[in-house]
Amino acid sequence: MSPGLLLSRWPRALGASGPPRRRCWARPLDTLSSVGSWRGRCTKSPAHWSQVVSEAEKIVGYPTSFMSLRCLLSDELSNIAMQVRKLVGTRHPLLTTARGLVHDSRHNLQLRGLVVLLISKAAGPSSMDDSCHNYDMVSGIYSCQRSLAEITELIHTALLVHRGIVNLTELQSSDGPLKDMQFGNKIAILSGDFLLANACNGLALLQNTKVAELIASALMDLVHGVYQEKPTSAKENYITDDIGISTWKEQTFLSHGALLAKSCQAAMELAKHDAEVQDMAFQYGKHMAMSHKINSDLQPFIKEKSSDSITFNLNSAPVVLHQEFLGRDLWIKQIREAHEKGRLNYAKLCETIKAGKGVTSAIDLCRYHGNKALEALESFPPSEARSALENIVFAVTRFS
């Protein structure tokens, strides 16, 4: 099947996450001394998330939305794309994931690869080691760093696909026929495994033991973090544990921050940068990913109009903070009061949470991690790439 035919079919078929010493080029951090102290600088950034991503992609050379195109156009996934059409009309989450991969411009599922490319260009080649100067470089980025960005995207996409596996024991009649849901699970498992296999193959071709160890540990963190995550079910036995915001941050780093943080560090290792630069890249990836996740968690609570069909994770950042301020007993009471006819009224519970301190505290936490990400960027020389990384932070910490 030709690439043009496959790309034209996909949208129709699918229903169209004590700091070290500063280097000599760093600027003072006086503008980052407190949470929210840089909010005024947000006005310099592009107004919309899609604009931030579009401008950043121009800096690294090409759209990262096509970064994994070689893999997606393989015969194996061409066949899978055709098979996924059988799920149209059902509510299998694999459809939602696939739609997002094709045309999700707001949340941009290729964000991780883009950040890896940007931070690679922001750091540039190492001045202390000439051994990598023979590598191919395009738009200020080594070919091995571009391969790493693709590997990062493949791993993240594989995780998204695997997380779309449905628990068949909790199916409802509106979800679709049982045999279709079973088929969707098989496709999700096989396609996710295929993406992981390609990522592992690409990782081996980099021929860098430290990078392989970093990405392997990130994959281990991902699995650990997802395993620790609680189901989104509203049943009371799933929400009685008070994990607290500290535990939430630890779990969220594993499931949403480790891959980006360690990929940024690995990109510095490929360019032979020293441990200090690697750590600053790690810190940017970690805090940017945390800020991005909190922003995503906040979306149901900051929309001007809440619909009756609104849903949200009962272990998202605003909810965890709300529960921490309120206390476990009162939180369970609010959950019970929000139940109507055996189902949880998310719209009613959302208004209850918005009336507390959880949402404003989550916004402050998002901006705190944004500040930490900007602080890490101060260790890199001024450049277009660094400005793009700053704009990404501004975009995910802007709520007005």
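The values are calculated or read from the model by the stated rules, or taken from the named source; none is laboratory data. Quantities reported herein were computed from a predicted structural model and do not represent experimental measurements. Counting neighbours? That spans all protein chains shown, and the Cβs are built from the backbone with ideal geometry, glycine included. These accessible areas exclude ligands, DNA and RNA; they are computed on the full protein's heavy atoms, side chains included. Shrake-Rupley method; radii C 1.70, N 1.55, O 1.52, S 1.80 Å.
Quick notes on this structure:
- Computed FRET value (nearest 0.05) for SER217 with LYS179, which takes r as the C-beta separation and R₀ as 35 Å: 0.35
- Additional length obtainable on full extension of the chain from GLU340 to ASP274, 0.36 nm per residue less Cα span: 18.0 nm
- Legend: residue pairs LYS210/LYS249; LYS58/LYS303; LYS58/LYS186; LYS121/LYS372; LYS333/LYS372; LYS186/LYS249, Cα-Cα distance threshold 28 Å; pairs beyond threshold, LYS58/LYS303; LYS58/LYS186; LYS333/LYS372; LYS186/LYS249.
- Peptides ranked, highest mean first, by Cβ atoms within 10 Å: ranges 193-201, 382-390: 382-390, 193-201
- Probe 1.4 Å - accessible area at LEU314, Å² to nearest ten: 0
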